[in-house]
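S.K.: Quick one: the structure is below, questions incoming.
The values are calculated or read from the model by the stated rules, or taken from the named source; none is laboratory data. Keep in mind that what you see is a predicted model, and the values were worked out from it rather than measured. Every residue, glycine among them, receives a Cβ derived from its backbone with ideal geometry; neighbour counts consider all protein chains shown. Heads up: the accessible areas ignore ligands, DNA and RNA and are worked out on the full protein's heavy atoms, side chains in. Shrake-Rupley method; radii C 1.70, N 1.55, O 1.52, S 1.80 Å.
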Amino acid sequence: MNKHQTSHITHISWGRVEVVINDQVLKFKDCKVWPEGAKAWDWSITCTHHRPGTQPADIEEILEHGVEVMILTRGMELMLHTCPETGHLLRSKGIEYHIEETNQAVALFNQLTQQGKRTGGIFHSTC
């Protein structure tokens, strides 16, 4: 895959994530990112809350893009959790996954992407 077509995150700060795809900068508060795309993560669609946290329904769309690694974020202050069912889903599909504080998650996402791994992630930019 041409690096030019791969998503990468160029900025993370409280309430703001910037993703670049094909020289286009996309700005979000919370987002879902996969190798060729990104979109806003709207918690209201799946009734997501900090607890129990990121649900399988939150990541299904990302999985449809054939990722081999998934990055799940905890938020800037580690307030966001991950439902156990989300980990079960990823393990059942043989997908490596990491749960990290948001800044660390962004760094890992970019590192894995640069290594050529098909990486997806779901990013919470506040608490």
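S.K.: Can you tell me which residues in the stretch 98-122 are farther than 18 Å from GLY66 by Cα and crowded, with 20+ Cβ neighbours inside 10 Å?
M.R.: Answer for the stretch 98-122, where residues must be farther than 18 Å from GLY66 by Cα and crowded, with 20+ Cβ neighbours inside 10 Å: THR102, ALA105, VAL106.
S.K.: Could I ask something else about it? Restricting attention to the stretch 86-104, does a residue exist that is among the hydrophobic types (A, V, I, L, M, F, W, C), under 12 Å from the mean Cα position of the chain (by Cα) and outside any helix (DSSP H, G or I)?
M.R.: yes
S.K.: Among LEU90, LEU80, which is the only one that is free of Cβ contacts under 8 Å to residues at least 60 places away in the same chain, of a type outside the set (Ser, Thr, Tyr), closer than 12 Å to ILE59 by Cα and open to solvent by less than 70 Å² (accessible area, probe 1.4 Å)?
M.R.: Answer to the check: LEU90.
S.K.: Moving to a separate point now. Name the single residue that is least open to solvent (accessible area, probe 1.4 Å) among those in the stretch 30-43 being at pLDDT 95 or above and over 12 Å from the mean Cα position of the chain (by Cα).
M.R.: Residue satisfying both the conditions and the ranking: TRP43.
S.K.: Same structure, new question: Looking at the stretch 4-20, is at least one residue open to solvent by less than 80 Å² (accessible area, probe 1.4 Å) and without any contact (Cβ under 8 Å) to a residue 12 or more places away in the chain?
M.R.: Yes - at least one qualifying residue is present in the stretch 4-20.
S.K.: On the basis of being part of a loop (DSSP other than H, G, I, E, B) and either out of contact with any helix residue (DSSP H, G or I) (no Cβ under 9 Å at 6 or more places or on another chain) or in contact (Cβ under 8 Å) with a residue 40 or more places away in the chain (or both), does ARG51 make the cut?
M.R.: yes
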